[in-house]
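**Student:** To start, I am sharing the structure in question, which I have written as C-alpha cells.
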Amino acid sequence: MDAGNVARLTARWIESLPGEDSTVVSGLGVQPLLAILAELANDPARSELAAAAGGRYDGLPHTTELRMALGLWTRPEIVLQPGVDRFLPPEVQGTLTDQAALDAWVVERTDGLLRRMPIRLTQDVLLVLASALALKTKWALPFTEYPRGDRRWLGRTDYDLDSVRVHETPVGRLTIVTVVGVGEFDVRLVAGEAGRGAVLAAALELSGDGVSGAELLAGERTAPALQVIESMSPQPSVILSMPYFEVDAEHDLLEHPDVFGLRTAMDNSRGHFPGLSSHPLAIDQAKQAVMARFSATGFEAAAVTAMPMAAGSAPMPGGKALLVSLEQPFGFIAVHRPTGVPVVAGWVNYS
C-alpha cells in the first residue's frame, strides 16, 4: 500500500474537519474501500473514487501488531458479479441479516476496541462494504505514569536525541517526537503554532529530515513545546512530558463527498457499480468509528469504516536536555515504520 496515497487522503480529510476539538481519523480504513469501489464503478464515479484513493487496490497490510479485514454483506436479491471475488473473496462475503451480526464482526475484527458498526441498517440498505483495523503496540521505552491535577500524566527520559526533530513547514515550525514501538509501529507526537488541520496536514506530508535533537541541543534552539534545560543527568537526553489520552470519534464521510470521491456515487437517480452487481446501486451512507489510546506502556487504535448501498432511483544543575512538554493541543500519527503508512491521525485538545 502506497504511504503517500494514504497520507494525502488523511491530510485532506483532517483539513476538511471544522473546529479544534480532540478527534481521530483513519485514512487507512477508508482508502482500500475507495480503491475497490473505483475498480467496480463506471464513470464519472470511477474517476472521482480513483482520484480520491490515489491508486489501485493492492491488498491490505498484514503485521503481528496491525490486523485489517474487509467484509461484504448483501441481501439475498443482490447477485454479485464474478469479478468481485478479485477484491473481496468468498470468505469475506456474507448475507445481510441484522445489526447484531454486523456488530459482532466489528467486535471480533477490532479485538473488542470497538463494539458496533457505525451505520443504520434499514430496509433500503441492500449491501454493506466495510473495513476494520486494530493496532496494538508496546513502547520500546515505557513511560512513568503519575497524577497531575485531575489527569493522568506520562513522563520519560530518552537518550536518543534523534527522537526529536524540528521541521520548517509552510504553517511554521513543527516539533515532532517519535515514540518508538517494539515492533514495526511508532507514534509521532506533533506540536505546532497553527491550528489542528494545518499542523496535522503538514506533519502528514513532511519532506526532509528536519533539524535533529543533537543540533537543537547544541544551538540551544527552541520550537513549539520544546526548550533546552539543565538536567540532573550529565548525558544529553530528551525529557518528554505529556498527558495520557483516549480519543474516539465517529465521522460521516458524506459530509465531505469531494474528499472521498463520493459525490457522483451518492446520486441515487441511477446505479454506479456495474462491476459489483447488475442491480443499480448508489452509496447510501459512509461512516467511520475510530478510537486511539496512548498509555504508559503502549498505543492502541481501531477503526471501522462502512459504506452501505441502496438502490439507485524544576530542574537541578547538570547536563543539558531537550524538554518537550505537551501542555498545548497536539497531534499524533501512528505510522508503520518500514513503509511510512499512517494508520490513524488525531488531535488532543484538553484546553
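The values are calculated or read from the model by the stated rules, or taken from the named source; none is laboratory data. Predicted model, so just to flag it, every value in this text is computed and none were measured. When we count neighbours, we look across all protein chains shown, and the Cβ atoms used for this are built from the backbone with ideal geometry, even at glycine.
**Student:** Look through region 185-203, keep the residues that are more than 14 Å from Pro224 (Cα to Cα) and out of contact with any strand residue (DSSP E or B) (no Cβ under 6 Å at 6 or more places or on another chain), and return whichever of them is surrounded by the most Cβ atoms within 10 Å (Cβ to Cβ).
**Tutor:** Top of the filtered list is Ala201.
**Student:** Take the residues in region 307-339 that are more than 21 Å from Asp21 (Cβ to Cβ) and in contact with a Gly (Cβ under 7 Å, 6 or more places away or on another chain); name whichever of them is modelled with the highest pLDDT.
**Tutor:** By that ranking, first place goes to Leu322.
**Student:** Ok, one more. Report yes if Asp43 is at pLDDT below 95, charged (D, E, K, R) and either within 20 Å of Gly261 (Cβ to Cβ) or buried (at least 18 other Cβ atoms within 10 Å of the Cβ) (or both), otherwise no.
**Tutor:** In short, no.
**Student:** Out of Gly271, Gly275, Gly208, I need the residue that is more than 18 Å from Thr157 (Cβ to Cβ), modelled with pLDDT under 95, among the small types (Gly, Ala, Ser) and in a loop (DSSP other than H, G, I, E, B). Which one?
**Tutor:** Answer to the check: Gly208.
**Student:** Out of Val30, Val6, Val24, which single residue is under 10 Å from the mean Cα position of the chain (by Cα), outside any helix (DSSP H, G or I) and not acidic (Asp, Glu)?
**Tutor:** After applying the criteria, what remains is Val24.
**Student:** Separate question: Among the listed residues Leu127, Leu102, Leu121, Leu114, identify the single one that is within 24 Å of the chain's Cα centre (by Cα) and not in a helix (DSSP H, G or I).
**Tutor:** Leu114
**Student:** Restricting to region 173-205, name every residue that is part of a loop (DSSP other than H, G, I, E, B) and under 17 Å from the mean Cα position of the chain (by Cα).
**Tutor:** If we filter region 173-205 for residues that are part of a loop (DSSP other than H, G, I, E, B), which is where we start, we get 182-184, 192-195, 205.
Listed by number, the residues that qualify are Glu184, Glu205.
**Student:** Further question: Could you list, in sequence order, the residues of region 143-159 that are surrounded by fewer than 14 Cβ atoms within 10 Å (Cβ to Cβ) and not in a strand (DSSP E or B)?
**Tutor:** Gly149, Asp150, Tyr159
**Student:** A further question follows. Quick check: anything in region 238-261 modelled with pLDDT of 95 or more, part of a loop (DSSP other than H, G, I, E, B) and out of contact with any Asp or Glu (no Cβ under 7 Å at 6 or more places or on another chain)?
**Tutor:** Yes, there is a match, as at least one residue in region 238-261 is modelled with pLDDT of 95 or more, part of a loop (DSSP other than H, G, I, E, B) and out of contact with any Asp or Glu (no Cβ under 7 Å at 6 or more places or on another chain).
**Student:** Moving on to the next point. Could you say which residue among Leu72, Leu88 is surrounded by 12 or more Cβ atoms within 10 Å (Cβ to Cβ) and not in a loop (DSSP other than H, G, I, E, B)?
**Tutor:** Testing whether each residue is surrounded by 12 or more Cβ atoms within 10 Å (Cβ to Cβ) and not in a loop (DSSP other than H, G, I, E, B) leaves just Leu72.
**Student:** Another question, then. Restricting region 33-68 to residues that are hydrophobic (A, V, I, L, M, F, W, C) and either part of a loop (DSSP other than H, G, I, E, B) or not assigned by TED's automatic domain parsing to the domain that holds Leu253 (or both), which is nearest to Val182 (Cα to Cα)? So that I can check it myself, show each step before the final result.
**Tutor:** Of region 33-68, the ones hydrophobic (A, V, I, L, M, F, W, C) are 33-38, 40-41, 45, 49-53, 60, 66, 68.
Filter once more, keeping what is either part of a loop (DSSP other than H, G, I, E, B) or not assigned by TED's automatic domain parsing to the domain that holds Leu253 (or both): 41, 60.
Working: Ala41: 41, Leu60: 22 Å.
So the residue we want is Leu60.
**Student:** On to the next question. Where residues in region 222-237 are of a type outside the set (Ser, Thr, Tyr) and not in a loop (DSSP other than H, G, I, E, B), which of them is farthest from Val177 (Cα to Cα)?
**Tutor:** Glu230
**Student:** Another question about this same structure. Assess whether Phe299 counts as being assigned by TED's automatic domain parsing to the domain that holds Met117 and buried (at least 22 other Cβ atoms within 10 Å of the Cβ).
**Tutor:** Answer is yes for this residue.
**Student:** If the requirement is being β-branched (Val, Ile, Thr), more than 21 Å from Leu34 (Cα to Cα) and in contact with a His (Cβ under 9 Å, 6 or more places away or on another chain), which of these qualifies: Thr97, Thr122, Thr63?
**Tutor:** Thr63
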